[in-house]
Amino acid sequence: MKEQLGVADFIKNMSFEGFLLVKNAQQRSSMNGSKYLDMTLCDTTGEINAKRWDATELPPEVGEVLKVRGMVLEYNNRLQLRVDKMRSSAPADEVDINRLIPTAPRPSQDMLDDIIDRTDAMENRQLKELVLRMIDDAGDKLQTMPGAKNLHHAQKGGLLNHTTTMLRGAGFLCELYPFLDADLLAAGVIIHDLCKIDEMQCDALGLVTDYSVEGNLLGHIVMGVSKLDRFGREIGMDRELLVMLEHMVLAHHDLPEYGSPKPPMFPEAEALHILDLLDARMFEMKLECEKVNPGCFTERIWSLDRKLYRRSGRLESSTNNQDQTGNSAQ
């Protein structure tokens with residue numbers, strides 16, 4: 001594939017011809033009854049909403065690589081690609097798929113090694129054994145699994161990215177609040193979303209095509225608690241510790257409308273919920289702010305129930321006056 005500008009380099013009124021990956025696509029009807037395609041197209045640098053007006057063809061499949069020709073426009077302060085022509089890629093195009101797949105910023109094996117290292121460092125033997133068993137059960141899918149279908153960490157290796165970021169946050173919290181059980185919190189972080197592997201149908205590119213039957217009927221929280229209980233009983237785990245870990249998985253979404261029938265009821269459970277919420281929201285906010293021009297607001301984001309503002313400038317002193325350890329330069 002020839003060199004082409006990445007999505008992150010798109011600017012208003014720029015013409016574009018090149019290859020992009022389909023993250024999702026639907027056929028819709030406009031107010032006058034005409035059909036059009038509403039798509040999210042992406043490469044490794046970002047994603048963009050794309051419209052193909054007066055389109056009678058069926059929407060492309062998730063994960064399909066398209067060659068598109070069109071114009072970058074602006075709608076509600078965010079860029080949008082008007083697709084004038086498009087076709088499926090062919091072998092002769094020699095597309096490098098690795099330049100199109102949204103991927104976590106770190107290699108999956110490095111992130112998995114971080115998780116294994118933290119698990120090996122656990123002083124509680126039962127927690128260590130249970131967590132290692134859960135990781136082993138997740139298998140190779142853990143290397144590519146995204147953190148979600150459309151929202152936070154919807155990228156190849158996104159689940160590992162989400163987990164390792166939370167693990168770092170858990171370490172900081174335990175330094176700030178030494179009364180927290182560091183092993184219990186780390187175990188909750190590692191385990192809390194592992195059953196998303198069973199909840200979502202994911203291809204080798206890290207793209208979710210749909211939810212599984214179990215995912216639709218039960219969800220990763222219920223499946224996670226069930227699997228934890230089975231493995232915990234098999235290794236003869238202390239009952240109180242097992243129930244506390246199950247509660248952490250059950251309560252990490254905090255509210256019934258978000259899937260948790262119980263709120264966090266002890267400090268480590270609350271810390272897990274806050275770490276999960278913070279990492280998810282920071283990821284979403286960064287992603288959405290990058291889609292609009294500085295000094296502008298995003299559209300209303302349904303998952304956050306608000307608009308976001310992207311600041312027009314950033315004082316250099318806020319980033320340049322710190323050394324690599326985060327300490328202020330003297």
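The values are calculated or read from the model by the stated rules, or taken from the named source; none is laboratory data. Worth saying up front: this structure is predicted, and the values here are computed from it rather than measured. Using ideal geometry, Cβ is built from the backbone for each residue, glycine included, and neighbour counts are taken over all protein chains shown.
Observations
- Which numbered condition His153 fails, given (1) touching a residue at least 60 places away in the same chain (Cβ under 8 Å); (2) over 29 Å from Glu234 (Cβ atoms); (3) assigned to a helix (DSSP H, G or I): (3)
- Counting the residues of region 19-49 that are assigned to a strand (DSSP E or B), in contact with a strand residue (DSSP E or B) (Cβ under 7 Å, 6 or more places away or on another chain) and within 21 Å of Asn98 (Cα to Cα) gives 15.
- Residue under evaluation Asp120, criteria (1) surrounded by fewer than 15 Cβ atoms within 10 Å (Cβ to Cβ); (2) at pLDDT 90 or above; (3) within 29 Å of Trp302 (Cβ to Cβ); (4) of a type outside the set (Gly, Ala, Ser), criterion not met: (3)
- Residue within region 232-241 that is within 25 Å of Gln155 (Cβ to Cβ) and either in the same structural domain as Asn150 (by TED's automatic domain parsing) or in contact with a strand residue (DSSP E or B) (Cβ under 7 Å, 6 or more places away or on another chain) (or both) present: no
- Condition check for Gly171: over 18 Å from Arg281 (Cα atoms) and either assigned to a loop (DSSP other than H, G, I, E, B) or within 15 Å of the chain's Cα centre (by Cα) (or both): no
- Among residues of region 69-109, those that are assigned to a helix (DSSP H, G or I) and surrounded by fewer than 18 Cβ atoms within 10 Å (Cβ to Cβ), counted: 7
- Members of region 11-37 found to be at pLDDT 90 or above and within 26 Å of Pro91 (Cα to Cα), listed by number: Ser15, Phe16, Glu17, Gly18, Phe19, Leu20, Leu21, Val22, Ala25, Gln26, Leu37
- Considering only residues in region 257-299 that are aromatic (Phe, Trp, Tyr) and either surrounded by 15 or more Cβ atoms within 10 Å (Cβ to Cβ) or in contact with a strand residue (DSSP E or B) (Cβ under 8 Å, 6 or more places away or on another chain) (or both), the one that is nearest to Gly171 (Cα to Cα) turns out to be Phe283.
Residues checked against (1) buried (at least 20 other Cβ atoms within 10 Å of the Cβ); (2) outside the structural domain of Cys42 (by TED's automatic domain parsing); (3) among the small types (Gly, Ala, Ser):
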| site | (1), (2), (3) |
| --- | --- |
| Asp137 | no, yes, no |
| Gln143 | no, yes, no |
| Gly147 | yes, yes, yes |
| Leu151 | no, yes, no |
| Phe179 | no, yes, no |
| Val189 | yes, yes, no |
| Gly206 | yes, yes, yes |
| Asn216 | no, yes, no |
| Met223 | yes, yes, no |
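- Breaking point among (1) touching a residue at least 40 places away in the same chain (Cβ under 8 Å); (2) in the same structural domain as Ala271 (by TED's automatic domain parsing); (3) over 25 Å from the mean Cα position of the chain (by Cα), for Ala121: (1)
- Residue within region 60-68 that is within 20 Å of the chain's Cα centre (by Cα) and in a helix (DSSP H, G or I) present: no
- Within the option set Asp136, Asp114, being out of contact with any helix residue (DSSP H, G or I) (no Cβ under 9 Å at 6 or more places or on another chain) and part of a helix (DSSP H, G or I) holds for one residue only, Asp136.
Quick grid of which residues meet (1) without any contact (Cβ under 8 Å) to a residue 24 or more places away in the chain; (2) on the phi > 0 side of the Ramachandran plot; (3) surrounded by fewer than 18 Cβ atoms within 10 Å (Cβ to Cβ):
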{"site": "Asp9", "(1), (2), (3)": "no, no, yes"}
{"site": "Met14", "(1), (2), (3)": "no, no, yes"}
{"site": "Tyr36", "(1), (2), (3)": "yes, no, yes"}
{"site": "Gly46", "(1), (2), (3)": "no, yes, yes"}
{"site": "Glu57", "(1), (2), (3)": "yes, no, yes"}
{"site": "Val62", "(1), (2), (3)": "no, no, no"}
{"site": "Lys67", "(1), (2), (3)": "no, no, yes"}
